[in-house]
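Participant: My questions all concern the structure below.
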Amino acid sequence: MLAVVFWFAVIPSPPYGMTAINDKVAHFLVFLGFGISAFFIWPYQTIVPKILLLLGVYGATIELVQHFVPGRTLSLFDWIMDIAGLIVAFGLIKIKPATFKIYGV
């Protein structure tokens with residue numbers, strides 16, 4: 001999942017149809033998915049914050065790389081939306097742990 005997102009982030013222009021959703025909403029949703037996925041992969045509460053921190057660095061790295069890709073730009077607001085998605089994911093995990101335990105985690 002990380003490799004696919006990175007690939008789409010560093011190609012000069014997204015494939016046709018990928019721009020149908022608002023860019024900021026897409027950043028939020030992708031990183032919300034990353035954050036929830038991190039909980040399913042590493043369900044221990046002490047590990048999840050560290051993974052979410054690493055995912056935040058991953059989002060910042062994407063933005064830095066985009067600065068050097070023709071047709072792409074570095075956007076602080078994109079990174080803020082990445083972090084917002086991770087914060088909401090972590091909040092959902094903290095607030096509703098019973099919901100996630102239903103699925104065997």
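Participant: Output yes when any residue across the range 41-54 is at pLDDT 90 or above and either assigned to a helix (DSSP H, G or I) or within 12 Å of the chain's Cα centre (by Cα) (or both), and no when none is. Give the derivation first.
Facilitator: Residues of the range 41-54 at pLDDT 90 or above: 54.
Imposing the further condition that a residue be either assigned to a helix (DSSP H, G or I) or within 12 Å of the chain's Cα centre (by Cα) (or both) reduces the set to 54.
Within the range 41-54 (the criterion being at pLDDT 90 or above and either assigned to a helix (DSSP H, G or I) or within 12 Å of the chain's Cα centre (by Cα) (or both)), the answer is yes, since at least one residue qualifies.
Participant: How many of the residues making up the range 1-28 are surrounded by fewer than 15 Cβ atoms within 10 Å (Cβ to Cβ), of a type outside the set (D, E, K, R) and at pLDDT 80 or above?
Facilitator: 12
Participant: Where the second residue is of a type in the set (G, A, S) and modelled with pLDDT of 90 or more and the first is farther than 13 Å from L52 by Cα and surrounded by fewer than 18 Cβ atoms within 10 Å (Cβ to Cβ) and lies in the range 71-99, which pairs have Cβ atoms under 7 Å and are six or more apart or on separate chains?
Facilitator: Qualifying pairs under 7 Å: none.
The values are calculated or read from the model by the stated rules, or taken from the named source; none is laboratory data. Small disclaimer: the values here were computed from a predicted structure and weren't measured. Glycine gets a Cβ as well: all are built from the backbone with ideal geometry, and neighbour counts include every protein chain shown.
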